[in-house]
Amino acid sequence: MTKKWKTVFCAFFAALLLAAFVNPAIYTEAEESEIKPSDLYAQSAVLMDADSGRILFAKSGQKERPMASTTKIMTCILTLENGNLSDTVAVSKNAAGQPEVKLGMKEGESYVLKDLLYSLMLESHNDSAVAIAEHIGGSVEGFAGLMNKKAAELGCFHTYFITPNGLDARDEKGIHHTTAEDLARIMKYCIMDSEKSSEFLEITRTADYSFTDGSKSRSFQCTNHNAFLNMMEGALSGKTGFTADAGYCYVGALRQDDRTFIVALLACGWPNAKSYKWTDTRKLMTYGLENYFYKTDDAGRKTRQISVENAAADGFPGDLTETVTLLPDGQPPSVLRKEGEEITEEWEIPESVEAPIEKGEELGTVRYSLDGTLLLECRATADRDVKERTFSVCAEWIKDRFFFRI
């Protein structure tokens, strides 16, 4: 190799080293698959494993923000759980007076409750939301009470509902708001945990729906505006939203094979940035699909030893202490994990216990967690019986050995 080519080769090698230091991610496969908060347009975002409820990625996931019409997933599931879909809903002046986007219902008209749910979820009609709320809750305020009660039951302690349609609102307790994490929890409930999850999915997956008012004098056509349904294989459900305070928002779910992911986005741009929510949703879903897979517990079924005091170990005059083995009565479930993540176990057991002990008796607790999320809490139980050393036990031992020998 000539001196000239040696110089060129050294310069090229030095450039590669410099590039690796400046942007090492392009040379490290593990780092290529990571996602950073700065990669997203949304000011708040989460990616959730819908089976376990574990948050796989978060960007300001617990920041309280208005959530616009993503509110309507709660309105829909509460209506499915508390209403009769064949009910006739009367339209009040308050419902008819709601701002755009709206069905255009008129005071005094009537509609079938089921039809209004399609209007609510496919077209995001604000007047339909209020008509539904007044029918189910007696008033908007009464329905908001049901919404907040359900949010608390789901562990959404940073969520506060004022309206059933998600329009920006404020009262003496604050503004209408949620967090990206809470919004994902509500979606998880809607598609996984509620007894009405199949009905929820049927409505939110419908492409087009037609109906009339109660008098059959007016006809309506609804088209699903959730573009994500046609964006990725396995897209399952979702709801868009926008208000001046909230910006563009979205919550959606995807299922491929045995994995189900939920993405929740808040404040994902304002006008002229309408497509940002789709970019972020695709990015987060792709990250989940490429990195998280089901893995069984790789630690096996571990045990612990515990001392049993005042035990009849060898009858009399044997040792007063025995050792028994504690077994967990459950096994950590198979959960979504990425490379390098391990399940941790925590045993909560006393230093010793007093005899007598029965086989299978609960003597402690075992907790299995992953990345701070509790996966399973089960009992730690004794693997055998241990008798207590009492006068009668000692007397029986003496009798057997000294008084009945032949």
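Return the only residue of Ser210, Ser217 being open to solvent by 60 Å² or more (accessible area, probe 1.4 Å), hydroxyl-bearing (Ser, Thr, Tyr) and part of a loop (DSSP other than H, G, I, E, B).
From the options Ser210, Ser217, the qualifying one is Ser217.
Return the residue satisfying two criteria in turn: it lies in segment 230-241 and is without any contact (Cβ under 8 Å) to a residue 40 or more places away in the chain and surrounded by fewer than 18 Cβ atoms within 10 Å (Cβ to Cβ), and of such residues it is nearest to the chain's Cα centre (by Cα).
It comes out as Gly234.
Being open to solvent by less than 20 Å² (accessible area, probe 1.4 Å) and part of a loop (DSSP other than H, G, I, E, B) is the filter; apply it to segment 174-207 and report the residue that is nearest to Ile55 (Cα to Cα).
Out of the qualifying residues, it is Thr179.
When the residues of segment 364-389 are narrowed to those that are touching a residue at least 24 places away in the same chain (Cβ under 8 Å) and outside any strand (DSSP E or B), which ends up most open to solvent (accessible area, probe 1.4 Å)?
Step by step, filter segment 364-389, then rank; the result is Lys387.
Which of the residues belonging to segment 278-294 are in contact with a Gly (Cβ under 9 Å, 6 or more places away or on another chain) and either open to solvent by 10 Å² or more (accessible area, probe 1.4 Å) or free of Cβ contacts under 8 Å to residues at least 12 places away in the same chain (or both)?
Once the filter is applied, which keeps residues that are in contact with a Gly (Cβ under 9 Å, 6 or more places away or on another chain) and either open to solvent by 10 Å² or more (accessible area, probe 1.4 Å) or free of Cβ contacts under 8 Å to residues at least 12 places away in the same chain (or both), segment 278-294 yields only Leu289.
If the requirement is being more than 30 Å from Phe57 (Cβ to Cβ), charged (D, E, K, R), at pLDDT below 90 and within 39 Å of the chain's Cα centre (by Cα), which of these qualifies: Arg301, Arg401?
Only one candidate qualifies: Arg301.
Would you pick out the residues in segment 340-360 that are open to solvent by 70 Å² or more (accessible area, probe 1.4 Å) and either under 18 Å from Ala311 (Cβ atoms) or among the hydrophobic types (A, V, I, L, M, F, W, C) (or both)?
Glu351, Glu354, Pro356, Glu358, Lys359
In segment 142-158, what residues are in contact (Cβ under 8 Å) with a residue 40 or more places away in the chain and not small (Gly, Ala, Ser)? Give the derivation first.
Quick first cut of segment 142-158, residues in contact (Cβ under 8 Å) with a residue 40 or more places away in the chain only: 143, 146-147, 150-151, 158.
Within segment 142-158, Phe143, Leu146, Met147, Lys150, His158 qualify.
Of all residues in segment 94-125, count the ones that are under 20 Å from Cys190 (Cα atoms) and not hydroxyl-bearing (Ser, Thr, Tyr). Even if it seems obvious, please write down each step before you answer.
If we filter segment 94-125 for residues that are under 20 Å from Cys190 (Cα atoms), which is where we start, we get 113-125.
When the remaining residues are screened for being not hydroxyl-bearing (Ser, Thr, Tyr), the result is 113-117, 120-123, 125.
The qualifying residues number 10.
What are the residues in segment 242-251 that are open to solvent by less than 10 Å² (accessible area, probe 1.4 Å) and acidic (Asp, Glu), if any?
Of all residues in segment 242-251, those open to solvent by less than 10 Å² (accessible area, probe 1.4 Å) come to 246-247, 249-251.
Scanning segment 242-251 gives no hits.
Please go through segment 252-268 and give me each residue that is open to solvent by 10 Å² or more (accessible area, probe 1.4 Å) and either in contact with a helix residue (DSSP H, G or I) (Cβ under 9 Å, 6 or more places away or on another chain) or outside any loop (DSSP other than H, G, I, E, B) (or both), ordered by number. Break it down into steps so the answer makes sense when it comes.
Initially, segment 252-268 is screened for residues open to solvent by 10 Å² or more (accessible area, probe 1.4 Å), giving 255-259.
If the condition is that a residue be open to solvent by 10 Å² or more (accessible area, probe 1.4 Å) and either in contact with a helix residue (DSSP H, G or I) (Cβ under 9 Å, 6 or more places away or on another chain) or outside any loop (DSSP other than H, G, I, E, B) (or both), then Arg255, Gln256, Arg259 are the ones that fit.
Answer yes or no: is there a residue in segment 87-110 that is among the acidic types (Asp, Glu), touching a Leu at 6+ places or on another chain (Cβ under 8 Å) and under 24 Å from Lys150 (Cα atoms).
Step one: of segment 87-110, the residues among the acidic types (Asp, Glu) are 87, 100, 107, 109.
Next cut, touching a Leu at 6+ places or on another chain (Cβ under 8 Å) only: 87.
Narrowing the set further to residues that are under 24 Å from Lys150 (Cα atoms) leaves 87.
Checking segment 87-110: at least one residue is among the acidic types (Asp, Glu), touching a Leu at 6+ places or on another chain (Cβ under 8 Å) and under 24 Å from Lys150 (Cα atoms).
So which residues in segment 334-363 are in a strand (DSSP E or B) and free of Cβ contacts under 8 Å to residues at least 40 places away in the same chain, if there are any at all? Let's see the steps before the verdict.
Our first condition is that a residue be in a strand (DSSP E or B); within segment 334-363, this holds for 335-337, 344-348, 352-354, 357, 362-363.
Thr344, Glu346, Glu348, Glu362 - these are the residues of segment 334-363 that are in a strand (DSSP E or B) and free of Cβ contacts under 8 Å to residues at least 40 places away in the same chain.
Determine whether Cys222 is at pLDDT 95 or above, within 25 Å of Lys59 (Cβ to Cβ), of a type outside the set (Val, Ile, Thr) and open to solvent by less than 60 Å² (accessible area, probe 1.4 Å). Reasoning before the result, please.
On the way: at pLDDT 95 or above: yes; within 25 Å of Lys59 (Cβ to Cβ): no; of a type outside the set (Val, Ile, Thr): yes; open to solvent by less than 60 Å² (accessible area, probe 1.4 Å): yes.
Against the criterion (at pLDDT 95 or above, within 25 Å of Lys59 (Cβ to Cβ), of a type outside the set (Val, Ile, Thr) and open to solvent by less than 60 Å² (accessible area, probe 1.4 Å)), Cys222 does not qualify.
Every residue in segment 29-45 that is open to solvent by 50 Å² or more (accessible area, probe 1.4 Å) and modelled with pLDDT under 90, please.
Of everything in segment 29-45, those that are open to solvent by 50 Å² or more (accessible area, probe 1.4 Å) and modelled with pLDDT under 90 turn out to be Glu29, Ala30, Glu31, Glu32, Glu34.
Give the number of residues within segment 116-167 that are in a helix (DSSP H, G or I) and open to solvent by less than 20 Å² (accessible area, probe 1.4 Å).
Looking only at segment 116-167, we keep the residues that are in a helix (DSSP H, G or I), and these are 116-122, 126-137, 140-153.
This time we only want the ones that are open to solvent by less than 20 Å² (accessible area, probe 1.4 Å), so: 116-122, 126-133, 143-144, 147, 151.
Number of matching residues: 19.
Hey, among the residues in segment 269-291 that are part of a loop (DSSP other than H, G, I, E, B) and of a type in the set (Gly, Ala, Ser), which one's farthest from the chain's Cα centre (by Cα)? Spell out how you get there, then give the answer.
Within segment 269-291, the subset part of a loop (DSSP other than H, G, I, E, B) is 269-275.
Remaining after also requiring of a type in the set (Gly, Ala, Ser): 269, 273, 275.
Values: Gly269: 24, Ala273: 27, Ser275: 25 Å.
Step by step, filter segment 269-291, then rank; the result is Ala273.
Is there a residue in segment 312-326 that is more than 21 Å from Ser44 (Cβ to Cβ), part of a loop (DSSP other than H, G, I, E, B), of a type in the set (A, V, I, L, M) and at pLDDT 90 or above?
First pass over segment 312-326, keeping only residues more than 21 Å from Ser44 (Cβ to Cβ): 312-326.
From the residues that got through so far, the ones that are part of a loop (DSSP other than H, G, I, E, B) too are 312-321.
From what is left, the residues that are of a type in the set (A, V, I, L, M) are 312-313, 320.
Then drop every residue that is not at pLDDT 90 or above, which leaves none.
Scanning segment 312-326 turns up no residue that is more than 21 Å from Ser44 (Cβ to Cβ), part of a loop (DSSP other than H, G, I, E, B), of a type in the set (A, V, I, L, M) and at pLDDT 90 or above.
Sort through Glu348, Glu341 and tell me the only one that's among the acidic types (Asp, Glu) and modelled with pLDDT of 95 or more.
Values: Glu341 fails: modelled with pLDDT of 95 or more.
Every option except Glu348 fails the conditions.
The values are calculated or read from the model by the stated rules, or taken from the named source; none is laboratory data. All figures in this text were calculated on a predicted structure; none of them were measured in a lab. Note: ideal-geometry Cβ built from the backbone for every residue, glycine included; neighbour counts use all protein chains shown. The protein model used for the area step is the full one, side chains on, heavy atoms only, and it has no ligands, DNA or RNA in it. Shrake-Rupley method; radii C 1.70, N 1.55, O 1.52, S 1.80 Å.
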